[in-house]
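J.: Following this message is one structure expressed as C-alpha cells.
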Amino acid sequence: MYETKYHRASSADEAVKLADSADDGQFIAGGQTLIPTMKQRLASPSDLVDIRNIDAMKGVNVEGNKVTIGATTTHAEVADAPQLQAVCQGISDLAGHIGDPAVRHMGTIGGSVANNDPAADYPAALLALGAEITTNNRTIAADDFFVGMFETALEDGELITSVSFTVPDKSAYSKFPNPASRYAMAGVFVAKGGDGVRVAVTGAGSDGVFRHSGMEEALDANWSADAVAEADVDEAMMLSDIHGNAAYRANLVKVMAKRAVAAAG
Amino acid sequence: MTTVSMTVNGKEVSADVEDRTLLVDFIRENLKLTGTHVGCDTSQCGACVVHVDGKAVKACTMLANQATGSNVVTIEGLANGGDLHPVQAAFHEHHGLQCGFCTPGMIMTAVDMIERAKANGLKLDEATIRSELEGNICRCTGYHNIVRAIEAAAEQTA
Amino acid sequence: MGVEGIGARVLRKEDQRFITGKGRYTDDFNRPGQLFAVFVRSPHAHALIKSVDISEAKGCEGVAAIYTGEDVAEDGLGGLPCGFAPGGGPQNAPPRPALLKDKVRFVGDMIAVVIAESVALARDAAGKVNVEYDVLPSNTDTGKAMDADTPQLHEEAPNNVVMHWEIGEADPVEAAFAKADHVTSLDIINNRKVPNAMEPRAANAEYDAAADSFTLYTTSQNPHITRLLLAAYVLGISEGKLRVISPDVGGGFGSKIPFYPEEAVVTWACRKVERPVKWTSDRTEAFLSDTHGRDHVTKAELAMDKDGKFLAMRVDTKASLGAYLSTFGMLSSTYLYGTVLSGPYDIPAIHCKVSGVFTNTCPIDAERGAGRPEATYLIERLVETAARETGIGVVEIRKRNFIREFPYQTAVVLQYDIGDYDTTLELALEKADYAGFEARKKKSAANGKLRGVGFSTYIEACGLAPSNIAGAIGAGIGLYESAEIRFNPTGSVSVLTGAQTQGQGHETAFAQVVASKLGIEVDKVDIIHGDTGTVQWGHGTYGSRSLAVGGSAISAACDKVIEKAKKVAAHMMEADAADISFENGEFSVSGTDKTKTIGEVILTAMVPHDYPLTDMEPGLDQRSFYDPANFTYPAGTHICEVEVDPDTGVTEVVRFTAVDDFGNVVNPMIVEGQVHGGVTHGVGQALFEKALYDEDGQMVNASYMDYIIPHADNVPSFDVGYTNTPCTHNPLGVKGCGEAGAIAAPPAVINAITDAIGVRDLDMPATPQKVWDTIQANGTAKAAQ
C-alpha cells in the first residue's frame, strides 16, 4: 500500500468537504474492496475520508411500503434487520451471503453500490427493485446509476447517503458463486412489483450489472421458472474468464433465474 | 503519521503509525501480539480475524486508524486468565488444529459465529457451520474436526 | 496426563500454545535492529535482462542496501544445488544463482533484493528498481516442452530435457501387450498443484561478527538439510558456523522441503548490511515461488487377459520440473513415481519411461504424496476404466488382481513386506454401504442430481528411506533418522529428534512412544526439534517418514536406555542384570518381589552416590540413528460418492469413506486428522486446484481470488476406518499416514464423477465449467441413465 492520509468524518457534509480539499480523496466506509485494492497498489488515494462512523448514514428504515437503507449500513445489519426480512426477504438473503461473516461486519451497501464491481451482489438487487440512490446533492434512479463495469453516475466527490426502494410483492436472489473468490459468477435478482417484473443480472455480464428484458417479459406473462427457461440469454453479452466462458455463464444466468423465481414463490 | 489509540484485550494502547498501517500490522508489530496471523493478501484466509467492538473482522482489511476508539480482542485476550474459552477448549478436545497457523482466526470466527447464533436463536448445524466458515481457510485438518469442535462448543454454550 | 502410550487418543501437548496465540512461527521472531527484504521479481516468463538500474530506488526513504545478480556473482556466492539426481547424475543440471543477472525463466524469478527499514519502505523502493528486459518466447506446456520449435530455457539442456529415466523391463511388457485380450489406455494430465501451506514462507538471518557465525530462522521441514546446502554449497562456510532454526512451522506439504534462493540471499546479505534481515512472503509471492507439485502428461496402458487378470502396464510420462531443478525436484517423477506403479496388484511386467523437462514455470518439488499420487491416479483410473469397459465390475476386478502373498517383489524394484488388501476393501464396502448405493442414486435422480461412486485401492511407499537405496537411486544424503534421549535427575526426559513437525503432532505422538517404552508419563517427555544448534543431525519430515523412521529411532534409543538401566537396577537390587526384567516403568528381579521404578533408576544413574562407577559411566542418556531396512507400504480403500448438478456442473462430494492400513497406530486421533487433511488435499486436486499459466507465461490464478482451495463447505465429514498389518521391519510396526489421503482420493473422486455423468475421460480439476461442458458434449440424457 502506498502512504495515504486518513481522516474521519462525523457528518456527510464534513466528509464531502474533506474529500474536496484533497488532491485525490476517496471515501472509505467498510473498505472491504478498497483496502485490498490499495494493498495491491492498484489504488493510491492521497487521502482517505472515513465515513463509517457517521451515524446519520446508518440504519434500515421501513415506512409503509418504502424501504430506506443508510449508505454505511453493513451487510450484516441489512441481513439481520427483521423489519426488512418481513417485507423483502430477497435483499436480506442477498446481504447475508455477501463475502463472509467478517466481511459482512465491515462492508457497507453504499460502498458496494458506489464501487459497482461487476461481480458484486447489491447492484443486481437495486436494479431489480427499481431503487433510488440518494447522494449528498441528488437522487438517482438505479436504471441511470449503474453505467458499466466499475462505473456509476456518481460525480467526483459525490457521496451516497442512502438507497431506497418500494417494497416488492415478491423477490429473490440466486447466486452462483465463483468457486475461488465466492463473488457472483452469475447472480440474478427477480422482483415483482406494481410496475411489473424486473430481472437484474450481476457477475455474468461483460459490462457489469444489467436488466434482462426477455426474462422480464416472459415473467410478466407467466410468473414461473419454466417461463425463464424459454428466454434467450445472449452469449455475446457474457464475461468469459478462467472460471467460466460465455456459454457457461449464459447457462448459469438462466439456471439462477429459474432458481430465483422458484425461491420467490 | 497518526496517533492511533484503542483498547486491545482490555488494555489502552496507543502508537504513532503511518496512516497506511493495517490493524493486523499494528497488532503484530507495535503490540507484539503475534497470535494474529497473515495468510493471504486478499481477505480470504481469515488467519487475521480479531473482534472489533464485539464483531469478527479481518484485521488485514482494516486500517489501524479505522479502529481508533474501538475495543479490540485478539486470540491472546480470549482466555480468562488460565481458563480457556470454551471454543479454545473444544478445538483442543476435538483436535481441531494441526499446524496451528489458521487456528487463532478460526477460533475468533467460531466465537463470533456461536455468539451470533445464540443472539439470533439459531441452531448451528453442520451445514451452517461450514457455510459460516467461508472466510477461513485451513489446509491441514480438512475441516472435519474444526466442525466437530464448533458443534461441541456451540452445544456447550447454548 | 498419565502414562498414555502407543494406541491411546492422547490430546495434543502442542495445542495449548496454538489455541492461545502463543505459537512462534518464523515471522513472529524479530531480531534487534532488523531490516526487511523485498525481492524484485521478473514479471516475464522468459526474458534476457538488459539492465538493472537501482539508482532511483537507492535514494528512497529507509533503504539500507540493494543487491542484484551482479553482486551475487561478484561475491562468488554458490548456486542452489540439486540434492537428488536419478541414475547417478542429472544429464542436464544448469546452475541456479540466488539472484539472476542474465536471464529470467519464470514469472517470479528473482533479480534483486531491496533491504530497508520497513516492509512498506522496501516495497516502495522495489517499485523503483528499473529492469530492462528483452522478452523471449516462453513455454509453460509440459507436453510441448521437447518439441523442436519450443523456446529453450537453458543452454545446458537441449530440447529442454533434464533427463530420460526408465524403470522396469520393456521386452516382457511388449510381449504381454501383444498377447493381451483387452487393453485399456488413457491419456492423463496430472494437474500442477500449489501446496499452499497457510503460513507463508519466511526467513530471518543475522550474523554474529564476534563468533563469525550466522543464525537463520526459516520455515523449513528439514533445517539440517537447509544448513548443509546453504553453508557448504552457497556460502562456502563450515556448517558449524550456521545455525538454522525452524520454530513452529505452519504447514509444509512439501513446499518447505526445498532450499530456496530467498534463504540464501537474506543470509548472505545480513553480513553485508551488518544487521539482521527478515523476509516474509506474501500470498501471491507464495503462489509464484513456493515449489509446485505434479504436472505430468502421461499415456498409460494396462493389458489384461480374458479373465481380467492384469498382464502388464506401460507408462510414458512427460514431467515438468519447472524452470530450474529444485532440491528434490526430480524425485517425484522418478523413484517416488515409477516404483509404485504396481499398486496393490500383481502385475507381472511394468515399464515406465519418464522425460523430465524444463518449462517457464515455478520449479517443481514434492507436494503431499510426491510421485505416489501421480502413480496412484493413473493406476486407479486405468483399473476402474478397465472394469467398466470389460463389465467385470470395479470391485471384482480388484479382487482378481490383489497381491496376497508377501513379501511380494514388484516389477518395479520395490518389495512389499506385508499387506492385506481384501480386508481393507471389504471393510470399506461395508462402511460406505456400497450395497445401498443404487437406492441413493435413485433418490438423487429424483432431486435432479446425478450420483456416482468411485474407488481407489492404493498402496504407497513411505518411511523414506533405507540410506543405501537412497544413495543408489541418486540422493545426496542418507535418509536415516536420529534420536537422543536426555534425562533430568527428577525423572523427566528430553527427546531430541531429527524429524521436524509442521503440524503432525510429533510432540505428542513421539512422547507416547517414549511413554510406552519407558513408562514415563507423556507430560514428562519434551520433544525437541527444529534447531540445528540443539539437535543432532537429522533429515526432517516428508514422505510420511517421521514416525516410521524418526519414531523408530526414538524406540531404538529407548531400548539402549533400558539395556543400561537394567544394569543400574541390578546394582540397586543386588541382582544379576540378566535376571532383570522391565515392564510399565518398573524393573524387577525374576523370582523375587524386588522392584525399582524407572524414576528411581534415573535418579541413581544421575546422582551416582551408590553406583558401580568402575564398571559403568553415570547417566542414562542414549542416542540412536535408525536406518530402515525397507520402505513401509501403507495401503487402503477409499470410496467416494458424488452428486453432480447437471444444470451447473457443480460436483458435491456427499460421502467419503477411507479405510487404511497404516500398521500400528500410535494416536488414532492424530492419524484420523491426517486422513481428513490428506483426503481434502486430494479432493482439492480432483475438483478445484490447478496452477494456470496463460500464453505469456503469467500465472493467472496466483491468489485465493482465482486459485480454488477447498473451503469448509467443499468437503463432507469423512468416515475413517482402519485395518492393521504391522510393518515387519521397524520396531513400532508403523507405516506412516500423512500422505495417504492425498494419494488415494483424486482417482476415487474422478472415478465417481465419470460414473455419475457416464463418461470415460475427464481430466482434473473437474471444475463446474468442465463438468458442465462434458455433460453437454455427451448429452444429459445419457448421463441421467
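Here, each number is a calculation from the coordinates, and none is a lab measurement. Here the structure is a predicted model, which is why all the values come from computation and not from measurement. Cβ: placed from backbone, ideal geometry, glycine included. Neighbour counts: every protein chain shown.
J.: Using Cα pairs closer than 8 Å and at least 6 residues apart in sequence, work out the relative contact order for segment C:1-136, in percent. Mind dumping the intermediate values first?
T.: Details: 207 pairs, mean separation 55.0, N = 136.
Reported relative contact order: 40 percent.
J.: To the nearest 10 degrees, how steep is helix B:144-157 against the longest Cα principal axis of chain B, on a 0 to 90 scale?
T.: The angle comes out near 90 degrees.
J.: Now a separate question. Sort all Cα-Cα distances of the protein assembly as shown into consecutive 20 angstrom bins from zero, then give the percent of pairs in each bin up to the one containing the longest distance.
T.: Bins of 20 Å from zero give 11, 39, 37, 11, 1, 0 percent of pairs.
J.: Just need the Rg to Rh number for segment C:237-284, please, alpha carbons only, Kirkwood Rh.
T.: Values: Rg = 12.5 Å, Rh = 12.8 Å.
Computed over Cα atoms, the ratio is 0.98.
J.: Considering Cα pairs under 8 angstrom that are at least six residues apart, work out the relative contact order of chain A and quote it in whole percent.
T.: 15 percent.
J.: Expressed in whole Å with the largest first, what are the equivalent ellipsoid semi-axes of segment C:412-570 derived from the C-alpha gyration tensor as the square root of 5 times each eigenvalue?
T.: So the equivalent ellipsoid measures 42, 21, 16 Å along its semi-axes.
J.: First measure r as the distance between the Cβ atoms of C:E586 and C:E405, then evaluate 1/(1 + (r/R0)^6) with R0 = 35 Å and state the FRET efficiency to the nearest 0.05.
T.: 0.25
J.: Moving on to the next point. Remind me, what semi-axes does segment A:55-209 give for its equivalent ellipsoid, largest first in whole Å, using sqrt of 5 times each Cα gyration tensor eigenvalue? Intermediate results must be reported in sequence, preceding the final value.
T.: Values: eigenvalues 74, 64, 55 Å².
Calculated on Cα positions only, the semi-axes equal 19, 18, 17 Å.
J.: Treating only the Cβ atoms of Lys and Arg (+1) and Asp and Glu (-1) as charged, compute the dipole magnitude of chain A about its Cα centre; round to the nearest 20 debye. Before the final figure, lay out each step's value.
T.: Values: 20 positive and 35 negative charges, 166 e Å.
Around 800 debye, computed over chain A.
J.: Name the shape class, rounded, prolate or oblate, that the alpha-carbon gyration tensor gives for segment C:206-256, where a ≥ b ≥ c are the square roots of its eigenvalues, rounded holds for a/c under 1.5, and otherwise prolate holds if a/b is larger than b/c and oblate otherwise. Let's see the in-between values first.
T.: Numbers: a/c = 3.35, a/b = 1.73, b/c = 1.94.
Oblate.
J.: Need one number: % antiparallel among DSSP beta bridges in chain C, to the nearest 5.
T.: Here the share of antiparallel DSSP bridges comes out near 80 percent.
J.: May I pose another question? Can you pull a Stokes-Einstein diffusion coefficient for chain C at 20 °C (1.002 mPa s), Rh from Kirkwood over Cα pairs, as a whole number of µm²/s? Working shown, then result.
T.: Values: Rh = 27.6 Å.
Diffusion coefficient, whole number: 78 µm²/s.
J.: With the alpha-carbon atoms as the only input, what is the per residue convex hull volume for segment C:478-587 in Å³?
T.: Taking the convex hull of the Cα positions in segment C:478-587, it is 104 Å³ per residue.
J.: Shifting gears a bit: If each Cα of segment A:208-247 is one equal point scatterer, what is log10 of I(q)/I(0) from the Debye formula at q = 0.16, 0.20, 0.33 Å⁻¹?
T.: -0.48, -0.67, -1.05
J.: Under a Cβ-Cβ cut-off of 13 Å, what is the net charge of the residues other than C:A557 that fall near it, where Lys and Arg count +1 and Asp and Glu count -1?
T.: Taking every other residue near C:A557 into account, the sum is 0.
J.: Which of B:K55, C:K690 comes first, and how do the rest follow, when ranked by fewest Cβ neighbours within 10 Å?
T.: Fewest-to-most ranking of B:K55, C:K690: B:K55, C:K690.
J.: Another question, then. Net charge within 15 Å of C:Q536 by Cβ-Cβ distance, Lys/Arg positive one each and Asp/Glu negative one each, not counting C:Q536 itself?
T.: That works out to -1.
J.: Could you tell me the distance between the Cα centroids of segment C:35-65 and segment C:449-495, to the nearest Å?
T.: Rounded to whole Å, the Cα centres lie 41 Å apart.
J.: Here is a further query. Quick one: of the DSSP bridges fully inside the protein assembly as shown, what percent are antiparallel, nearest 5?
T.: Values: 154 of 191 bridges.
Beta bridges within the protein assembly as shown, antiparallel portion: roughly 80 percent.
J.: Give me the base-10 log of I(q)/I(0) for segment C:131-220 at each q in 0.11 Å⁻¹, Debye formula, one uniform scatterer per Cα, rounded to two decimals.
T.: With one equal scatterer per Cα and no solvent, log10 I(q)/I(0) is -0.77.
J.: Rounded to whole Å, give me the distance from the Cα center of segment C:705-729 to that of segment A:1-80.
T.: Value for the Cα centre distance between the two parts: 43 Å.
J.: Relative to the longest principal axis of chain A, what angle (0 to 90°, nearest 10) does the C-alpha long axis of helix A:246-264 take?
T.: For helix A:246-264, the angle is close to 80 degrees.
J.: Treat the count of other C-beta atoms within 10 Å as a stand-in for reagent exposure and order C:L613, C:L336, C:L382 from fewest to most. Write out the running numbers ahead of the final one.
T.: Working: C:L613 10, C:L336 28, C:L382 22.
Lowest count first: C:L613, C:L382, C:L336.
J.: May I pose another question? Could you please tell me the mean projected area of the C-alpha convex hull for chain B, averaged over all directions and given in square nanometres to one decimal?
T.: 8.9 nm²
J.: Continuing with this model, one more query. Take the alpha carbon atoms of segment C:135-206, find their center, do the same for segment C:515-560, and report the distance between the two centers in whole angstrom.
T.: 36 Å
J.: For segment B:32-38, what does the Karplus curve 6.51 cos²θ - 1.76 cosθ + 1.60, with θ = phi - 60°, yield as ³J(HN,Hα) per residue in whole Hz, taken in order and with x for Gly and Pro?
T.: 6, 8, 8, x, 7, 10, 10
J.: For the residue pair A:E155 and C:S492, what label-to-label distance in nm results when each label sits 7 Å from Cα along the Cα-to-beta-carbon direction?
T.: So the label points at A:E155 and C:S492 sit 7.2 nm apart.
J.: Write down the Å³ per residue value for the convex hull defined by the alpha carbon atoms of segment C:1-154.
T.: Taking the convex hull of the Cα positions in segment C:1-154, it is 246 Å³ per residue.
J.: In debye to the nearest 20, how big a dipole does the protein assembly as shown give about its Cα centre with +1 on each Lys and Arg Cβ and -1 on each Asp and Glu Cβ?
T.: I would put it at about 1180 debye.
J.: Still on this model: Using R₀ = 25 Å, calculate the FRET efficiency as 1/(1 + (r/R₀)^6) where r is the Cβ-Cβ separation of A:D55 and A:Q83; round to 0.05.
T.: About 0.85, to the nearest 0.05.
J.: I've got another one for you. Order these by the 10 Å Cβ neighbour count, fewest first: B:R116, A:R249.
T.: Ranked by crowding around the Cβ, least crowded first: B:R116, A:R249.
J.: I've got another one for you. Dividing the alpha-carbon Rg of segment C:515-563 by 2.2 N^0.38 Å yields what?
T.: Details: Rg = 12.0 Å, N = 49, 2.2 N^0.38 = 9.7 Å.
Dividing the Cα radius of gyration by 2.2 N^0.38 Å gives 1.24.
J.: Based solely on its DSSP helices, what 222 nm [θ] is calculated for the protein assembly as shown when runs of n ≥ 4 H residues each add -39,500 (n - 2.57) and the sum is averaged over all residues, nearest 500 deg cm²/dmol?
T.: One gets -8500 deg cm²/dmol as the mean residue ellipticity at 222 nm.
J.: From the cross-link list C:K241/C:K272; B:K123/C:K431; C:K103/C:K272; C:K13/C:K567; A:K175/C:K770, which pairs have alpha carbons spaced over 21 Å apart?
T.: B:K123/C:K431; C:K103/C:K272; C:K13/C:K567
J.: Right, something else. Normalising by the residue count of segment C:554-669, find the relative contact order in percent from Cα pairs under 8 Å and 6+ residues apart.
T.: Across segment C:554-669, relative contact order equals 18 percent.
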